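Here the structure comes first, spelled out in structure tokens, and everything after it is commentary.
A short reminder: the numbers here are calculations on the coordinates, not readings from a lab. Because the structure is a prediction, the values reported are computed rather than measured. In this analysis, Cβ positions are derived from the backbone assuming ideal geometry, glycine residues included, and neighbour counts consider all displayed protein chains.
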Amino acid sequence: MAEEIAVVYDNLDLNGPEMPRATPEDFSPPGGAFLVGWRDGAPVCCGGIKRLPDGTAEIKRMFVVPEARRQGVARRLLEALESTAAELGYEIVRLDTGPRQPHAQALYESTGYRPIHNFNANPVATFWGEKRLASGAR
């Protein structure tokens, strides 16, 4: 994922000092999680949940391998991340994406994310979204 983002965004370092944090510690319990989806014994997607200072959750590092794209994997991954966030007690999830990933923004908007302010100071993002999770999801 990091290699692909570096190509798409001109050598962007996701772990650079100007980027929002998304470390293994951020994805650790009790406030975080990291999911990996598998097909035929090989990982095909991943994504994490981290706790934000205001008590909401942020979805980070969502990625689907090229061979599994356009098959509904990203949508199922997003649903699983939202479900996991609800199980962790979150009522609101946020995420972001950049201008060179219009497919990601389209997915987020089609699944109910509404545009919000720049909540995480991501210098590359152009879309920040928020969604209230279904109250019965927990």
What ranking do V36, V64, V73 get, fewest neighbouring Cβ atoms within 10 angstrom at the top? V36, V73, V64
Cα-based Rg of the range 22-137 normalised by 2.2 N^0.38 Å, two decimals: 1.01
Which percent, nearest 5, of DSSP beta bridges in the chain are antiparallel? 90 percent
Cα centre as origin, Lys/Arg/Asp/Glu Cβ charges: the chain dipole, Debye: 400 debye
So, relative contact order of the chain in percent, Cα under 8 Å, 6 or more apart, is 20 percent
Scan around R39 for amide H atoms under 5 Å from its own, H built in the peptide plane at 1.01 Å from N, and keep only partners 5 or more places away or cross-chain. V44
What shape does the range 70-138 take by its C-alpha gyration tensor, where a ≥ b ≥ c are the square roots of the eigenvalues and a/c under 1.5 counts as rounded, a/b above b/c as prolate, and the rest as oblate? oblate
